[in-house]
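Below: one structure, written as structure tokens.
Values in this text are rule-based calculations from the coordinates and carry no lab data. This one's a predicted model, so the numbers in the text were calculated from it and none came from an experiment. Because the Cβ atoms are built from the backbone with ideal geometry, glycine has one as well, and the counts that use them run over all protein chains shown.
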Amino acid sequence: SAAEKGGYDYFMLKEIAEQPKAVADTLLGRIDAAGSLSLDEVRIPASVLREVDKVVIVACGTAYHAGMIAKYAIEHWTRIPCETELASEFRYRDPILDQRTLVIAISQSGETMDTLMALRHAREQGAKVLAICNTNGSTIPRESDAVLYTHAGPEVAVASTKAFLTQLVACYLVALYLGQVRGTKWGDEIVSVIRELSEIATQVEEVLETMEPVRELARSLVDKNTVLFLGRHVGYPVALEGALKLKELAYMHAEGFAAGELKHGPIALIEHDVPVVVVVPSPRGRSVLHDKIVSNIQEIRARGARTIVIAERGDEAVRPYADHLIEIPATPVLLQPLVATVPLQVFACELATARGNEVDQPRNLAKSVTVE
Ligand code: AGP
């Protein structure tokens, strides 16, 4: 009913709008007064976490994209090798797992059969399993050694939005916590990132307040048959997520690429007026990647692409090559997906509406996939 949707036309719009609160709620009580993480609820003892020599993340769909981003954060802050794998592929390749492997299973519903089968396989091999889940008491957390709940609240729309942002927050918390417990050379950075995480909810709010041009742009693309998405580093999974949202909601062909791969094939797809969304890394920090992606934008634009550029506010270098510029607040490099994904959700939702699609219940899809 309209009341359940809190005055919004669709649950998806309501859930997009709830993201600042979902992010804040997921952080609540997990950072102590001294600015350290307290994750006692993760009942895997610190002594066990110190012995972990490999992290494997399993998930599907949007949760898998959160897992891909987590890999960058975990390897950077903990120096533990980490791989992220589609849950549906995981057990069939006979993965190498033992007591020192930490498997992280990410699932909004906690009932996704592919993810459940992956974690059962991992536990049979003796690995410890930590679930990141949004649904209290669901099967995946019940069958795991430990759980870190995301506090997004119920997500009704089939397309995941607020659950994704909270999965990212939970992944960052786990990465920072592992770093904190194990003590790495990134100690100071960990402390400052924990502080900056507390600002993120406000920054997501700022993004939401500036979305009208994104909606207008989406409506202007209603007759396109393809949209491409490019990103690098943590922007690459963001590009994949933008493409997935567009496929499931707008039923349009959409594909995400790592921008560095363009020249190895996908650039052949660029022709006059093809919309290409580019997620630009911050010009600070990893500036080499920033400069490389600016060249990519120039290259595709020279070949006719219509460039839709998502960049940090004040990034002047991209401006001359952006047919449409979507500015996002500055965040630490690894946290950028929390703000960069939001315009892509709004974009897909608006395009779906403009195409007359059922936003909350896309065709052929179910909210949780309980078959393998
Ligand atoms: C995302 O918009 C999806 N509808 C889908 O990819 C989803 O993320 C995936 O099926 C995993 O679901 P889960 O998080 O409940 O395990």
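Projecting the Cα positions of T26, Q99, V309 onto the charge dipole of the chain (unit charges on Cβ atoms of Lys, Arg, Asp and Glu, taken about the Cα centre) puts Q99 furthest along the positive direction. Segment 26-41 and segment 191-214 have their alpha-carbon centroids 19 Å apart. Taking a ≥ b ≥ c as the square roots of the eigenvalues of the Cα gyration tensor, an a/c ratio of 1.5 or more together with a/b no larger than b/c marks segment 85-147 as oblate.
Amide H contacts of V277 (H built 1.01 Å from N, in plane; Pro and chain starts excluded): L228, F229, L230, I308 sit under 5 Å, all sequence-distant by 5 or more or on other chains.
Annotation for segment 238-342: GluC sites (Glu not before Pro) lying in DSSP loop with at most 11 further Cβ atoms inside 10 Å of their Cβ are E271, E316. Calculated mean residue ellipticity, 222 nm, the chain: -13500 deg cm²/dmol, from DSSP H runs (n ≥ 4) at -39500 (n - 2.57) each, averaged per residue and rounded to 500.
So what is the relative contact order for the chain, in percent, with contacts set as C-alpha pairs under 8 Å and at least six apart? Let's see the in-between values first.
Details: 735 pairs, mean separation 70.3, N = 372.
Value for the chain: 19 percent.
The angle separating the long axis of helix 200-209 from the principal Cα axis of greatest extent in the chain is about 20 degrees.
Each Cα pair under 8 Å and six or more residues apart adds its sequence gap; the mean of these over the residue count of segment 70-170 is a relative contact order of 22 percent. Have a look at the DSSP beta bridges in the chain and tell me what percent are antiparallel, nearest 5. Counting DSSP beta bridges with both partners in the chain, the antiparallel share is about 0 percent.
Compared with the dominant principal axis of the Cα atoms in the chain, helix 113-124 is inclined by about 30°. Within segment 51-128, the trypsin sites (Lys or Arg not before Pro) that combine a DSSP coil assignment with at most 15 other C-beta atoms in a 10 angstrom radius are R79, R100. For the chain, a Gaussian network of Cα nodes joined below 10 Å ranks M68, M117, M12 by mean-square fluctuation, and the top entry is M117.
For segment 344-354, 3J(HN,Hα) computed residue by residue from phi via the Karplus equation (6.51, -1.76, 1.60; θ = phi - 60°) reads 6, 5, 5, 4, 5, 5, 5, 5, 4, 5, 4 Hz, glycine and proline entered as x. The charge dipole of segment 237-326, taken about its Cα centre with unit charges on the Cβ of Lys, Arg, Asp and Glu (plus for the first two, minus for the last two), comes to roughly 140 debye.
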